[in-house]
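Okay, so here's the structure we're looking at.
We did not get these values from a lab; they are worked out from the coordinates using the rules stated. Note that this is a predicted model, so its numbers are computed, not measured. Virtual Cβ from ideal backbone geometry, glycine too; neighbours counted across all protein chains shown.
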Amino acid sequence: MVLIASLAVAFTVWMAVEAFRREGLSRWFWVILILGPIGAAVYFFAELAGDLFTRPVFETRPATEADLRAAEADVGQAENAFTWTAYATALRGRRQLDQATDAARKGLEHDPTHLEARYELGLALEELGHHQEARAELEQVVAAEATFDSDRALHVLARAQQGCGDDEAARTSLETLAARSGSPEVLFECAVVQARLGDRATAAENLQRIITEAEEVPDYLQPNVQPWVRRAKQALRKLQG
């Protein structure tokens, strides 16, 4: 019983941390804190279970005007790295990217070691197309925590590296991701970069992996995976043509 209780506490803490990293002080964060392991389990199956195949790297969770006002009010009540980061997340959710970068920088002014603030800054900068600046921020995040935000920090870093024209660095990042992920988005991007660098054989292996592994994906996730299967088949024909 002690072991089960310990595992339940560890799982709850893990889910609370994931919820905060992804959405800040959101309703899910409070659901997990209030309901404990039950809330954590609900969050896991509602938000994370299908993430491997369904959530694109640049999915920006929409924020309502009420969300934005609430985050702004929190900053007004207590200015710190946490509130400024949550505000940056809400601003990015409203597609106010310039303001989101300003808010994330404010968070870092309060705490230069705050990874969530630096990650938010990197995301907003990359979405603005400021690849070099985004790369600098995201490299610091990944150096501090290699799998930050369930590997999405490294994935966005790979995008920034490509934006900087550094395909060799992007290949290293994407191959690291591909080694521990079955995400068809990761595998496809990895194949594209490998082909661009002239490694057609390895690129073809990753494209075939998308097609093969899609056969094991549950039916309810097939609509999310099949577009990548089609793209993989098209790219594979071009490589072999």
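Past the 18 angstrom mark, what percentage of all C-alpha to C-alpha distances in the stretch 64-164 do you count? Value for the stretch 64-164 (Cα pairs over 18 Å): 43 percent. Computed from Cα positions, the angle between helix 167-180 and the longest principal axis of the chain comes to roughly 80 degrees. Here the spin labels are modelled as points 7 Å beyond Cα on the Cα-Cβ line, and at A146 and I4 they lie 3.5 nm apart.
3J(HN,Hα) couplings calculated from phi for the stretch 132-144 with the Karplus curve 6.51 cos²θ - 1.76 cosθ + 1.60 (θ = phi - 60°) are, in sequence order, 5, 5, 4, 4, 4, 6, 5, 4, 5, 5, 5, 5, 7 Hz; Gly and Pro show x.
Full extension of the chain segment joining R200 with W14 gains 63.0 nm, where the gain is 0.36 nm per residue of separation less the Cα-Cα distance. Using a Förster distance of 25 Å, how high is the FRET efficiency between N80 and A41, based on the Cβ-Cβ distance and rounded to 0.05? Computed FRET efficiency for N80 and A41: 0.25. I'd like the FRET efficiency for K233 and T172, computed as 1/(1 + (r/R0)^6) with the beta carbon distance as r and R0 of 25 Å, rounded to 0.05. Once rounded, the FRET efficiency stands at 0.40.
Mean residue ellipticity at 222 nm, helices only, the chain: -24000 deg cm²/dmol; runs of at least 4 DSSP H residues each add -39,500 (n - 2.57), and the sum is divided by the number of residues. Largest GNM mean-square fluctuation across Q226, Q194, Q161, computed for the chain with C-alpha springs under 10 Å, falls on Q226.
For the chain, take the longest principal axis of its alpha carbons; what is the angle in degrees between that and the long axis of helix 81-93, to the nearest 10 within 0 to 90? Taking the Cα atoms of the chain, the angle to 81-93 is about 50 degrees.
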